[in-house]
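Since the structure comes first, as structure tokens, the remarks are kept for the end.
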Amino acid sequence: MRREGFVLLMMALGCTQTGGWKGPPLLLDDTDESADVLAEEADPSPDEGDGRDLAADARVDPGPGFDAPEGKDPGGTDAPADPAPEVADAQDATGADAVDVSVMPISPRILILGPSSPGAPAIAAYLQDMLVGDPAFQSPVVQGQAIETGDPTSILSGTSLMYFFYAPDGRDTRLAAFTSPWDYVVLLDSPAFAIAYPEFHFEGVRVLAELARGAGAKPVVLMTWSDTDDTAARGEVAYRVANGTGAIAVPAGTAWAAARADHAQPAGRDVFVAAASVYSAMTGRDAAGTGVHPAGFAADEVAPLTGHALDAVVSEAGRTHYASPYDGVVQTRSLQAGGDFWYMDSGTSSEAAWHGLMAQVLTRDGWTPHGTSIGYTNPSKTFDTACQSNAQPSFAARQYLLLFARDYSVGADAIRTAGSQPDLQVQVWDRHADSIPVDGLEAVGMMEYKLTTWHDEAKSLGLALIPYHLMFAKLKTANSTLMLTSDGTHATDTVNWGLVTMSIVSRTGFATYTGDLDSNSQLASQLGDETIRQLSTLSETGTYVPDDPAARPAFP
């Protein structure tokens, strides 16, 4: 990879040089061929240890596609060029304070990334029509791009913003839009994905927000929506993620819920409400004032929908959406420094490698390590009731701080209760599949499947997730020459440093010492540390960000 591409990727990953460098944005290198193309037709070999069915991943279709609206010239050529455009009054028709559009770009360039259904291209077309109809703007450009990546019948695919960024197949082409200048980049995740996996929704927003800033743009999180009563939960996720990444939040989901409360809405109205929500957040005004009237809409239909969009923007601007730190499946606990550290693993050679490096790292960091390996009792290497019985003598003798395995059929509370281990953290990691190419590109290709599957297990059983595939995706994106495994089965020493760092940070909250490591192992450890801290808080700083309406990023 040439220097320019490497620097921008490191910025997007949140990496630093000499502790905290954030250099000027550089463009992606279109000639980079470091991300090899994955063979989409090839199913990965079954994981030697997880015993899961790696058949095609069934995905929820968020809804039917929508036709783009008809309206004024999408290029904005019919907007007046002379005299200078008028600026809106300080208040809109509702009396709400309007955004001072005199400080907005006169010819805004907006990129919208989101699922094809609900349609990012359709939202872009509606917003384009609204901006063209507003005399405060000239020649606006709004571009929509779908984020689905790969063959949806294969586990080498994804529907999320996170996968859109990391998936190696066709990556340079997908991200080519960021080589152009933008004023705003609007980020809409898959509605099913964002609400089910807030940690990975955050990661997608985080890395794309960094790319947006590199293209001169402000990132915008567009709240997702559904046809069920989950608006408050979606709003909490949207504002946590926006606050944690320094992005602007637009409450499209709140507006859509209000529109649905009026009456059942015809297909496609949700994306129109989303576009109107972005417009109202940008301007502080009702999009009905632009004269927008898409084909197929009834004469009296537009104003109520755009009114709900403006009302949501105004009401949510002063509302607090959460009042406590995030509590999810990725954890950062605390522990007093030094003293005995009892830990246990269940599994085979992969867990044995983790076990050995844990002892080394704990010793370097000032603890006295005491490790116990209990092996496995079934072909899938799942920690089951038989493993639990094998662990009981050790639990009866000592208080353990950490249990580590690749899969569980017993819940964390049951393990703690049966073993009288109140301080035990039960960690699960999403181990790579066996017999995959050593370069790890195929592992990155199946990251959404692996991460979401193990997230589901962690949530249902009360486990602490160690997001191994995400750590490696960051590592591979930062340095494409690094390998995942040494032999198709066992992780390299560099990758294991990232894995062990995640385990230690998750259980203790302490950073590991890496000053005498090679640069690649230092990078793996740094990314592992950041991954745990960021995902456990939904914050790029790794610390809790309150929802303070007065401190939120906002237009313009």
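Okay, here's what the table says:
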read-out	value
Estimated FRET transfer efficiency when R0 is 35 angstrom, pair Ser519-Thr348 (beta carbons, to 0.05)	0.70
Ratio Rg/Rh, restricted to the stretch 182-252 and using Cα atoms, in which Rh is the Kirkwood radius	0.97
Amide proton proximity set for Val221, modelled H, under 5 Å, gap of 5+	Leu187, Ile248, Ala249, Val250
Among the listed pairs Lys218/Lys459; Lys381/Lys476; Lys218/Lys476; Lys381/Lys459; Lys381/Lys450, those beyond 25 Å (Cα-Cα)	Lys218/Lys459; Lys381/Lys476; Lys218/Lys476
Difference of contour (0.36 nm per residue) and Cα-Cα distance, His263 to Ala396	41.8 nm
Order of Lys459, Lys218 - criterion: other Cβ atoms within 10 Å of each residue's Cβ, fewest first	Lys459, Lys218
Whole-number Å³ per residue for the convex hull built on Cα positions in the stretch 339-537	108 Å³
Extended-chain gain in nm, criterion 0.36 nm per residue less alpha-carbon gap, Ala551 and Ser315	83.4 nm
Whole-Hz ³J(HN,Hα) from phi, Karplus 6.51 cos²θ - 1.76 cosθ + 1.60, for the stretch 153-167, glycine and proline x	8, 10, 6, 8, 7, x, 10, 9, 4, 4, 5, 3, 6, 8, 4
Placed amide H near Ala464: partners under 5 Å, 5+ positions off or other chain	Val426, Gln427, Val428
Ranked list, fewest to most other Cβ atoms within 10 Å of each Cβ, for Thr368, Thr224	Thr368, Thr224
³J(HN,Hα) computed for each position of the stretch 329-339 - Karplus, 6.51 cos²θ - 1.76 cosθ + 1.60, integer Hz, glycine/proline x	7, 8, 10, 10, 8, 10, 7, 5, 5, x, x
Estimated FRET transfer efficiency when R0 is 56 angstrom, pair Asp227-Asp493 (beta carbons, to 0.05)	0.70
Stokes-Einstein diffusion coefficient of the stretch 105-317, Kirkwood radius over Cα pairs, 20 °C, 1.002 mPa s, in µm²/s	126 µm²/s
Whole-Hz ³J(HN,Hα) from phi, Karplus 6.51 cos²θ - 1.76 cosθ + 1.60, for the stretch 540-545, glycine and proline x	5, 7, x, 10, 5, 10
Rule-of-thumb Rg ratio for the stretch 345-449 [Cα; 2.2 N^0.38 Å; N residues]	1.16
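All of the numbers you see were taken from the coordinates with simple rules; none came from a lab. Every value quoted in this text rests on a predicted model; they were computed, and no experiment measured them. Every residue, glycine as well, gets a Cβ built from its backbone with ideal geometry; the counts of neighbours run over all protein chains shown.
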